[in-house]
Amino acid sequence: MAMGIDSQNKIDRWFLLRHSRFTASEDYKLLVPGTKCGMFGDGAMTYIEQKALEMTTRMQERPELEEVKSLLHGKAHEYAAFVEYKIRTGYHDAEYFGDENPIFYPYEPLAQEAGGSPDTGRISDDGKIYHGAEIKNPKNPMYHFRRLKWKDQYDVKQHYIQTYTQCQKLMMCTGATQWDFVSFDDRQIVREKMIKIIPIYPDKNFQNNLDVRLRCAIKEKYRIISENYGIEVANRDDFMQKFQLVGQSF
């Protein structure tokens, strides 16, 4: 199906909003502690450095995605998973935000620097997501097979910290009180085993820790920029002014 100009613009805008910001899908990298007394490990520092790089370079084309084949498989099956999720849960009011309709929710305490993109959500009368879901469609069927044994959010936290972090961050962004983990594989011969749904609820200690790490990561991002360019910058507004980018979309 051909994509309309409006849909194309939405997707381009979504990529731009994510560019240089700390996103729910990658924030798990900030959780691994550093060696000795450092807060961040090598993976976290690479993530932070990547955000500094994105902030100091223009996005002329959409960024290459990691693990492209796996992501393409997931996206190809995501809407089918969403439909099955609505059938199994009875949440017929859930809206789908994939494909041509991506949205980016800022994390309000750090709105200029961090946010996340929900796969689906139920929206209240005042326009807020109060219940969302993160959909995973693994290319390797073994991953879904193993998830069939998982019972609660602590299993997700133990075995899949990347998605647990996504769900917690998206609740931080939206104020939702539940974010379901959804694993889907339509290759299963038993239909009821095609989907696994685990409710995840706010984990305040985890969220507080993530908030602290995000604040430190943002500070580190601007330290890296300041060091590389010899211009002292402390935040996005300061960066925009000193790099003469005021008034531009960034």
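Here the convex hull built on the C-alpha positions of segment 147-250 has a volume of 161 cubic angstrom per residue.
A straight chain from Thr46 to Lys86 at 0.36 nm per residue would run longer than the Cα-Cα distance by 10.6 nm.
Computed over neighbours whose Cβ is under 12 Å from that of Ile87, the net charge equals +1, Lys and Arg +1, Asp and Glu -1.
At an R0 of 25 angstrom, the distance between the Cβ atoms of Leu16 and Gln188 translates into a FRET efficiency of 0.10.
The relative contact order of segment 5-242 comes to 21 percent, based on Cα pairs under 8 Å that sit 6 or more residues apart. For the pair Glu108 and Leu53, a Förster radius of 22 Å applied to the C-beta separation gives a FRET efficiency near 0.30, rounded to the nearest 0.05.
Of the three principal axes defined by the Cα atoms of segment 5-242, the extents in descending order read 60, 48, 37 Å. Applying 0.36 nm per residue to the separation of Ala76 and Gln244 and subtracting their alpha-carbon distance, the gain on full extension is 56.4 nm. Can you give the FRET efficiency for Met142 and Arg223, using 1/(1 + (r/R0)^6), R0 = 30 Å, r = Cβ-Cβ distance, to the nearest 0.05? Step by step, r from the Cβ atoms, then E = 0.15. Here the gap between Ile231 and Tyr154, fully extended at 0.36 nm per residue and compared with their Cα-Cα distance, gives a gain of 23.3 nm.
Bear in mind these aren't lab numbers, they're just calculated from the coordinates by the rules spelled out. Since this is a predicted model, take the numbers as computed values, not measurements. Cβ coordinates were reconstructed from backbone atoms using ideal geometry, including for glycine residues, and neighbour counts include every protein chain displayed.
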